[in-house]
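These notes are about the structure you will find just below.
The values are calculated or read from the model by the stated rules, or taken from the named source; none is laboratory data. Nothing here was measured: the structure is a model prediction, and the numbers come from that model. Cβ sites come from the backbone with ideal geometry, for glycine too, and all protein chains shown count toward neighbours.
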Amino acid sequence: MNSPQLPDQLVAAPVETVMPQLANHIYALISLSLFLIVAIVLFREGLRRKSLVPILFLLGGTISYFMEPFFDYNICIWYPEIGTDSFYRLYNKSIPIWPIGVYGIYMGGGAYWVYRKMIEGTTSSALWKMSLLFFAADLILEIPGLQLGLYYYYGPQAFKIGGIPLWMVMANTGVPFLIAASIFGLRHFLTGYRIWLIPLLVFTLCLTGEVLSGWPMWFTLNSGAGLTGTRLATIPVFCFSALLIYIISSLVCADKKVDHPVSPKLNPAEP
């Protein structure tokens, strides 16, 4: 007896799409030019502070670009392969060069900016306002490329604005804050030769942050639940992203410090 055919839970990618080469090259030029500007700013920041930290943040954000195929496979992103001149290929995903600038700017430069605000003593209100800026920045960085057909969010993606689903914007928003807060918490450890751990931490925390907030959608997109499922999954993604920023603000902001609970003394006479 033949076994019944099980349904295919994976969404079919739009493999018939064609990469618009001129737009791809122009977008790469713009992305890499903006990346160069941010790199110069951070390099000068490092010289002024006599510190490698700004450049190491940028390096970590830049190498995070190489986990893009892993994201794309799980959250249904497609870069057209017909007519593409991809920089590398993994998971059957061909990745062009221009996203490297976006990663460096957003995950590297952006996370360093939040880190500096934490060092200077930011408030919870200021941190939430920064999260709105990152939310807007992600829209600005992604919508033009989507509208030009340089890549697609395919499958039953819910609540799209300009081609990008809102759950993705919210998940991305929390990542620079997780990177900044983690390195802020480890700043006294990351001295001497250990400072070179910063790029690895940024790389790892980039993946961690996306999974922390976005995992409900990762499962739903690849479960066959359809648009109803992804609409429902958007709710926990927003909640987890907001919770992440709330926890960070409670731990690092000057006006929201959480005191560690003190264990009661067994003997009142103890010093």
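Would you point out the residue of the stretch 84-108, among those that are assigned to a strand (DSSP E or B) and touching a Ser or Thr at 6+ places or on another chain (Cβ under 7 Å), that is modelled with the highest pLDDT? Looking at the filtered set, the residue picked out is I95.
For the stretch 170-184, filtering for residues that are within 16 Å of P54 (Cα to Cα) and not hydrophobic (A, V, I, L, M, F, W, C) leaves 2.
Does G155 meet the test of being closer than 22 Å to P216 by Cβ and not in a helix (DSSP H, G or I)? It is true that G155 is closer than 22 Å to P216 by Cβ and not in a helix (DSSP H, G or I). Among residues of the stretch 109-149 being part of a loop (DSSP other than H, G, I, E, B) and either touching a Ser or Thr at 6+ places or on another chain (Cβ under 9 Å) or among the charged types (D, E, K, R) (or both), the one that is surrounded by the most Cβ atoms within 10 Å (Cβ to Cβ) is T122. The number of residues in the stretch 58-93 that are surrounded by fewer than 19 Cβ atoms within 10 Å (Cβ to Cβ) and among the small types (G, A, S) comes to 2. When the stretch 223-239 is filtered for residues that are crowded, with 17+ Cβ neighbours inside 10 Å and free of Cβ contacts under 8 Å to residues at least 60 places away in the same chain, only P236 remains.
Of all residues in the stretch 192-216, exactly one satisfies the criterion of being touching a residue at least 60 places away in the same chain (Cβ under 8 Å), within 18 Å of P69 (Cβ to Cβ) and surrounded by fewer than 16 Cβ atoms within 10 Å (Cβ to Cβ), namely L207.
Yes or no, residue by residue, for (1) at pLDDT 95 or above; (2) more than 19 Å from G109 (Cβ to Cβ):
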| site | (1), (2) |
| --- | --- |
| L166 | yes, yes |
| A181 | yes, no |
| L186 | yes, yes |
| G224 | no, yes |
| C239 | yes, yes |
